[in-house]
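Read the structure below first, then the notes.
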Amino acid sequence: MRNPLKRFQSTMAESATVGELLSGARPGRVQSVGRMQVLPLLAGDAPTADLGDPAALDISTGDYGTLCFGNSGSGTALVPSHLAVMVSQAAQDHAMPRAALVRAGTKRDYRNAMCIQQSQGGLITSGSHRLAVLPPALREAASLLPEKPGYDRLWPAVSRFKASAGVPGSADLVRFMKHFATELDCFTAEFECVEDQIGAVVLMDGAVVGVERAPSHVYWRSMWEPLIRFCYGAEAVRRGVAGDVPAGPSTRVPLTRPAAPAVAASGGDGADVVALLAEAVRDADTREQQAVETVTQAVADESVVVGVDEAIDRVAVGTVVGDGLMGAYALDGDTPVYASLTARGTVPDLT
C-alpha cells in the first residue's frame, strides 16, 4: 500500500485517507444497542507502538488553563486528543483541545487546556485520575478553537451542549454527566471490548460519528470506558433527551420473519421453529455487518489533510482536518499508529 506520509515530518502538510491513518486495522463483529453501533477494529498484523498508558500519567493543573502531565515511563507518552479530567476533589475539571506528547521521565505543562466546570474553583492535585473524553460536539468545538491560552474558551460550547439536553446552569460538563449517570453506566455495560481490539468505528443513527485507533492494546483498554461512556454514550443520551428521532438508519437491519411455508413444513415442531428463528437472526446479523462495513468503507476512503504539531524523536503528533471528520493522529516513524477523529456538524444549534 502506498504511504503518502513518507515525507510527512518534513513537509508539514500532506493528504491521506482515513483508511491509511488506520494502518491495517481490520473490522470485527458489529455491536448494536439502541441508536448506537460500534464496529471494533482489530490489530491482527497491523503495526503497533508503545506510546505509554494514558491511565498511568500523573495529572494535575498548575493554573486555570494549564494541565500538567508526568510521564514516569521509559518512552514517549501520548496524551489522547480531547482528554478530559474529571475529579471528585474540589477542583475545576479540565480538557485538552489536541493530542500532545510527553518525553520519557519528564513533566510537561500544557498551557492551552480548557476548563469545563465553570462553577467550580480549585486546582487538581497531582496523581492518577479517572479519564474521560469530550463528547463529539465539544470535540469539534475544541478543535475549531485557536491554539492559544484561554481557560474559558470552551464554556459557550459546554453551555449549548447541556442546554440541548435540558440540563440548566453554568458551563459545567460534570453536571451533565452526573444527571445522566445511570444511562451512561449502561453504555459501559452494553458494549464489549473484544480480544485483539485496538480501536473502533462508532455510528449513531446510521452515520459515523467517530473513528478511533489506539497505538497498542494497553492504550486502547485504558481509553475504552472514557470513549464509550463519556464521549459517545453522552452524545447518544443527549440526542435521545433532545428528541432527535432516528430516521430508520440504513445500518440497522430488522429481523425477517421465517416464511409461513417453512414454518408449516416444520410441522409445528418447537425445535424446528427455533432453528428457523436462529437462521433468521444469523441472516440479519450478516446483513447488518455488511451495511455497517459499507458505511465504514465510504468513510475510510475520505480524504483528509494532516499536519504535524510536534515531534519527539521518532514519534510525531498532529491534527487531521477533512470535510466530514477532524481530530488528531500520531506517527511512529513513518507509520500511523493512532487516530482519534470525530464527525463534523455535531454541535447543537439552539438558535
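The values are calculated or read from the model by the stated rules, or taken from the named source; none is laboratory data. Worth saying up front: this structure is predicted, and the values here are computed from it rather than measured. As a convention, Cβ positions derive from the backbone with ideal geometry for all residues, glycine included, and neighbour counts pool all protein chains shown. Surface accessibility is based on the protein's heavy atoms, side chains included, excluding ligands, DNA and RNA. Shrake-Rupley method; radii C 1.70, N 1.55, O 1.52, S 1.80 Å.
So the values come out like this:
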read-out	value
Every residue from the stretch 306-315 that is under 13 Å from P336 (Cα atoms) and either acidic (D, E) or open to solvent by 70 Å² or more (accessible area, probe 1.4 Å) (or both)	R314
Enumeration of residues in the stretch 99-121 that are closer than 25 Å to K178 by Cα and surrounded by 14 or more Cβ atoms within 10 Å (Cβ to Cβ)	A113, M114, C115, I116, Q117, Q118, Q120
Given (1) modelled with pLDDT under 95; (2) open to solvent by less than 50 Å² (accessible area, probe 1.4 Å); (3) in contact with a helix residue (DSSP H, G or I) (Cβ under 9 Å, 6 or more places away or on another chain), number of the condition N71 does not satisfy	(1)
Test result for A242, farther than 18 Å from D53 by Cα, over 17 Å from the mean Cα position of the chain (by Cα) and open to solvent by 20 Å² or more (accessible area, probe 1.4 Å)	yes
Among (1) modelled with pLDDT of 95 or more; (2) open to solvent by less than 70 Å² (accessible area, probe 1.4 Å), the one test that S303 misses	(2)
Tally, over the stretch 276-333, of residues that are part of a loop (DSSP other than H, G, I, E, B) and not basic (K, R)	6
Exclusive hit being surrounded by 21 or more Cβ atoms within 10 Å (Cβ to Cβ) and either free of Cβ contacts under 8 Å to residues at least 12 places away in the same chain or closer than 18 Å to R29 by Cα (or both), set V292, V337	V292
Which listed residue, of G270, G318, is at pLDDT below 70 and open to solvent by less than 50 Å² (accessible area, probe 1.4 Å)	G270
For M36: the one exception among (1) crowded, with 16+ Cβ neighbours inside 10 Å; (2) at pLDDT 95 or above; (3) among the aliphatic types (A, V, I, L, M)	(2)
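Residue-by-condition table, conditions (1) more than 22 Å from A328 (Cβ to Cβ); (2) within 19 Å of the chain's Cα centre (by Cα); (3) modelled with pLDDT under 95; (4) assigned to a loop (DSSP other than H, G, I, E, B):
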position: S10; (1), (2), (3), (4): no, no, yes, no
position: S15; (1), (2), (3), (4): no, no, yes, no
position: G24; (1), (2), (3), (4): no, yes, yes, yes
position: G52; (1), (2), (3), (4): no, yes, no, yes
position: G75; (1), (2), (3), (4): no, no, no, yes
position: V87; (1), (2), (3), (4): yes, no, yes, yes
position: A90; (1), (2), (3), (4): yes, no, yes, yes
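Residue-wise test of (1) of a type outside the set (A, V, I, L, M, F, W, C); (2) out of contact with any His (no Cβ under 8 Å at 6 or more places or on another chain); (3) modelled with pLDDT of 95 or more.
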| position | (1), (2), (3) |
| --- | --- |
| M177 | no, yes, yes |
| V194 | no, yes, yes |
| Q197 | yes, no, yes |
| R213 | yes, yes, yes |
| R239 | yes, yes, no |
| A275 | no, yes, no |
| E279 | yes, yes, no |
